[in-house]
Structures are given as C-alpha cells and as structure tokens.
Amino acid sequence: MLRSRKVSMAGVAIGALALTFTTSVPLAHGHGWTNSPTSRAKFCQSGQATNCGQIQWEPQSVEGPKGFPNGGPADGKICSAGLGQFAQLDDQRGGAWPVNNLTSGASYTFRWYLTAPHSTTDFRYYITKNGWNQNAPLTRSALELTPFLVRSYSGRPPNDFSHTGNLPSGKSGRHMIVSVWTIADTANAFYQCSDVRF
C-alpha cells in the first residue's frame, strides 16, 4: 500500500511538472515569416521592436483565414491575421515600427523563412495606396487590392522561398507591404506586414 502510494505521488509530481512546462513555455506551431522586407513579427522576434507580446516567440504563427482580400482577416486586424494574442501587430504605433528602405519601381527579392513548408496555392504581395492613413489600423480601403507580385505553386510545397519582381512605381514616403502565403490544403493563409519607406 505504501509503495503504491509513493508511485502514485511520483506520478502526480511528474504530471504537475509537465503541466508547468506546457503552460509556461510558448509553443511554436508553424510556419513562416518574411525576412525581406523584414516584417513586424520578425522585428519583434529579433528584439528590434519591443512591447510585442506573444508574437516575439511565434513570428511564424500569424495564420488566419485565406481568401484575401475578399475573405481573410477583418479590417483593422489584417497584420495579426485576426488573432487576439498578436493584436500588437495591428497597432500603428504612430509610425514607430522599424522600417525597410526600398526604391520605388526597383527590382526586389522577397524572402520568407519557413519553419514548415506546406502545399501552397501562391504567395501574393500587396501595398498601401498613396495617401493612406498611416495612423489608423490597416484596412482593405488603404490597400491596392490587386497584388503587385504573385508567385503560384499550384498546390506544390515551395521549392524556394524567394520571389523576385518589381516594386510598385510612383511610391514615396512610408507604406506597408502585406505578404500573404496561401496554403492549398487547409482553410488558412499566413499574413506578414512590413513597414517600408521609399
């Protein structure tokens, strides 16, 4: 009886320890972020942006409904993919996010870091309109809804994680680029917002 009680108590202790680890350590469940241009999520993960909350541990997990711009995250929640734990990504911070300096109309290579490649429909890149409100949460009305670059994969996993094309011409000052990686075999896509200056 005493022996079985000791074994039982040891099991409880191990279970409690396991529960502590699973509830206190952020878990990474998937899947990718943009390194070029560096996204808000990546700036948070690297510590170049602070007061970011949970995204600093999970820059690869900004995953929401696919179908953008007709579907996908609600206006004002595009950068967080509608995930409350990543709401800091939707805060414009009065223009205080780190920026990527780009040249309007130039050739540019977009690069993703993927922690888990998926069967892919495509990667699409959107940019804000001239005169957009930089202080308001990002909405579809602030974006040019025709992507300026699309790379299709027809359901295959990506065999490369970079896409070269021309940046939009006629841009100056501060803008945002929204990069959308649409997954072929789930209902979701990954969203990354990058602050840029032309």
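Just so it is clear, none of the values below were taken in a lab; they were calculated from the coordinates. As the structure is a computational prediction, the values presented were derived from the model and not from experiment. Positions of Cβ are backbone-derived with ideal geometry, glycine not excepted, and every protein chain shown enters the neighbour counts.
Quick one: Karplus J couplings for the range 92-105, per residue in order, coefficients 6.51, -1.76, 1.60, θ = phi - 60°, nearest Hz, x for Gly and Pro?
6, 6, x, x, 8, 5, x, 10, 9, 8, 10, 10, 4, x
Using 0.36 nm per residue of separation minus the Cα-Cα distance, give me the extension gain between Ala116 and Arg156 in nm, one decimal.
Answer, rounded to one decimal: 13.1 nm.
Once amide H atoms are placed 1.01 Å from N in the peptide plane, what residues at a sequence separation of 5 or more from Ser39, or on another chain, have their amide H within under 5 Å of its amide H?
Amide H neighbours of Ser39: Thr34.
How charged is the neighbourhood of Ser80? Take every other residue with its Cβ under 10 Å from the Cβ of Ser80, and add Lys/Arg as +1 and Asp/Glu as -1.
It works out to a net charge of 0.
Arranged from highest to lowest average of other beta-carbon atoms within 10 Å per residue, in what order do the peptides 86-96, 154-164 appear?
Listed from highest to lowest mean packing, they are 86-96, 154-164.
Quick check: the distance between the Cα centres of the range 113-187 and the range 56-71, to the nearest angstrom?
The distance from the Cα centre of the range 113-187 to that of the range 56-71 comes to 11 Å.
In nanometres, what is the gap between the two model label sites at Ala74 and Gln48, each 7 Å from Cα along Cα-to-Cβ?
Roughly 3.2 nm, to one decimal.
Rank-order 180-192, 109-121 by packing density, defined as the average count of other C-beta atoms within 10 Å over each peptide's residues, highest first.
180-192, 109-121
Report the charge-dipole magnitude of the range 31-197 in Debye, nearest 20, computed about the Cα centre from +1 at each Lys and Arg Cβ and -1 at each Asp and Glu Cβ.
340 debye
With a ≥ b ≥ c taken as the square roots of the eigenvalues of the C-alpha gyration tensor of the range 31-197, please select rounded if a/c is under 1.5 and otherwise prolate if a/b is larger than b/c or oblate if it is not?
It is rounded, given that a/c, with a ≥ b ≥ c, falls under 1.5.
What aspartates and glutamates does Lys42 reach when the alpha-carbon gap must be under 13 Å and sequence neighbours fewer than 8 apart in one chain are set aside?
Glu58, Asp195
Using amide H atoms built 1.01 Å from N in the peptide plane, name the residues 5+ places from Asn188, or on other chains, whose amide H lies under 5 Å from its own.
Residues meeting the criterion, in which the H sits 1.01 Å from N, are Lys66, Ile183.
Amide H neighbours of Leu149 under 5 Å, at least 5 residues apart or on other chains, H built in the peptide plane: list them.
Tyr125
What nm value, rounded to one decimal, do you get for the distance between Ala96 and Phe148 when each label is placed 7 Å out toward the C-beta?
It is 2.8 nm.
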